[in-house]
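In what follows, a structure is listed as structure tokens, so that the remarks can point back to it.
The values are calculated or read from the model by the stated rules, or taken from the named source; none is laboratory data. No experiment lies behind these values; they were computed from the predicted model shown. Ideal geometry is used to build each Cβ from the backbone, glycine not excepted, and the neighbour counts take in all protein chains shown. Accessible surface is based on the protein model in full, side chains and every heavy atom, while ligands, DNA and RNA are left aside. Shrake-Rupley method; radii C 1.70, N 1.55, O 1.52, S 1.80 Å.
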Amino acid sequence: MNPTLPDPVLPELLLSSLDLDRLDQLLSRLPATDPARLLLEQELERGAVVEPEEIPKDVVTMNSTVRLRLLKTGEEPCLTLVYPKDLDATGDKVSVLAPVGSALLGLREGDEIHWPMPDGDIQPIQVLQLVYQPERAGQLHR
């Protein structure tokens with residue numbers, strides 16, 4: 001397989017119905033041609049939806065903190081997947097509207113994806129660990 005091409009087999013996604021409802025509201029406020037909207041809609045369309053209490057403990061949901069491995073560099077950043085309104089200057093949060101943010105939603109520990117980075121490079125990324133997940137912490141209606 002050529003490592004510069006996106007992985008043709010995408011991991012299955014599992015989405016919380018609560019996250020999906022909130023993301024639908026967010027998307028409805030964006031222009032129909034907004035690239036971030038189109039990318040997130042594409043990801044959401046391929047996800048299976050379950051109630052928050054049925055989300056497995058290893059699935060990335062909104063407000064989850066994940067430790068990733070950038071397979072090209074070996075870096076292992078921890079990022080929290082947030083709504084755009086919750087971004088701040090700390091650099092440890094990623095918006096669900098960012099390409100890597102929309103790609104993380106619904107993945108499981110161990111999943112790998114090949115994702116375009118802001119500089120145009122294709123970066124293989126692996127979800128190493130779900131450090132925090134609201135559903136696992138009992139925060140089903142956050």
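Descriptive notes on the structure:
- Residues that are surrounded by 13 or more Cβ atoms within 10 Å (Cβ to Cβ) and either under 13 Å from PRO134 (Cβ atoms) or free of Cβ contacts under 8 Å to residues at least 40 places away in the same chain (or both), drawn from segment 57-70: VAL59, VAL60, THR61, MET62, ASN63, SER64, THR65, VAL66
- Candidate set from segment 84-96 (those that are hydrophobic (A, V, I, L, M, F, W, C) and open to solvent by 30 Å² or more (accessible area, probe 1.4 Å)); member that is modelled with the highest pLDDT: LEU87
- Within segment 44-56, the presence of at least one residue that is under 16 Å from VAL100 (Cα atoms), modelled with pLDDT under 95, open to solvent by less than 30 Å² (accessible area, probe 1.4 Å) and part of a helix (DSSP H, G or I) is confirmed.
- Among residues that are touching a residue at least 24 places away in the same chain (Cβ under 8 Å) and open to solvent by 30 Å² or more (accessible area, probe 1.4 Å), ARG29 is not included.
- Verdict on LEU81 being part of a helix (DSSP H, G or I) and open to solvent by less than 30 Å² (accessible area, probe 1.4 Å): no
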